[in-house]
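Have a look at the structure below before the remarks.
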Amino acid sequence: MKTRPLPVGYRRDPDGIHPPLDYPEYASTTLRHPREPLILLPQRLTERTGPVLGTDRVGPTDNDLTAQHAQQPIGQRIIVHGRLLDGDGKPIPSSLIEIWQANSGGRYRHDRDRWDSALDPHFDGVGRTLTDSAGRYEFTTVKPGAYPWRNHHNAWRPAHIHFSLFGTAFAQRLVTQMYFPDDPLFFQDPVYNSVPEPARELLVSRFDYERSEPERALAFAFDIVLRGPDATPFEGADHDD
């Protein structure tokens, strides 16, 4: 009788890439990080097949955050683009990427964001798109502003955009942040500094003059790698999903 081969699991990322779940300088992690060892649940057919993410979930202006209202939002228009790659450098097509961010004044459209920067009635700060056959994605948006967040004395978050990446189903999700080059607030931001130093540059986008559009938008390139020594740092302790 033939024996069925054991399933091949994902190779684990090397140490020194992803941030720890408990990082004292990032005060809220002390309260919310897991206190017991994590239990890895195998993905079975249900988790791999549904709910299915398809093209019908993306609208015509979902990847252009400057075209979702009757008027343009306030701020410097930018193009954020890149590729979604696996640990071997191969493109990942048809993957849903969602972003959310503060407006150009550093304020989120959220009822718990109470600081006194103005809301922009023409900017929601959320977008989504699917990667193409070469793993490419692109968003048009405005550059987010820094904002205070009371984590420590005179605490300000550097300008950043949140990324949420899905596989073929909602159970397959990774979350990360993209920063902008040469931000003067990196030195005091515990979210950025919780990432091991050699991997921090993987969270910083690259100014792309060639993709910038005359009289319209500056461009920033940000490739996202799911695994391996060049993996983009993600939130969470394990990434076998």
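Taking the Cα centre as origin and putting +1 on Lys and Arg beta-carbons and -1 on Asp and Glu beta-carbons, what dipole magnitude results for region 132-241, to the nearest 20 debye?
Using Cβ point charges on Lys, Arg, Asp and Glu, region 132-241 gives about 340 debye.
Probe radius 1.4 Å, ligands and nucleic acids left out: which of His110, His152, His162 has the largest accessible area, and how do the rest follow?
His110, His152, His162
Suppose R0 equals 35 Å; then what is the FRET efficiency for Leu218 and Asp88 from their Cβ-Cβ distance, rounded to the nearest 0.05?
For Leu218 and Asp88, the calculated efficiency is 0.65.
The values are calculated or read from the model by the stated rules, or taken from the named source; none is laboratory data. Predicted model only: the values in this text are computed from it and were never measured. Counting neighbours? That spans all protein chains shown, and the Cβs are built from the backbone with ideal geometry, glycine included. Side chains included, ligands, DNA and RNA excluded: accessible areas come from the protein's heavy atoms. Shrake-Rupley method; radii C 1.70, N 1.55, O 1.52, S 1.80 Å.
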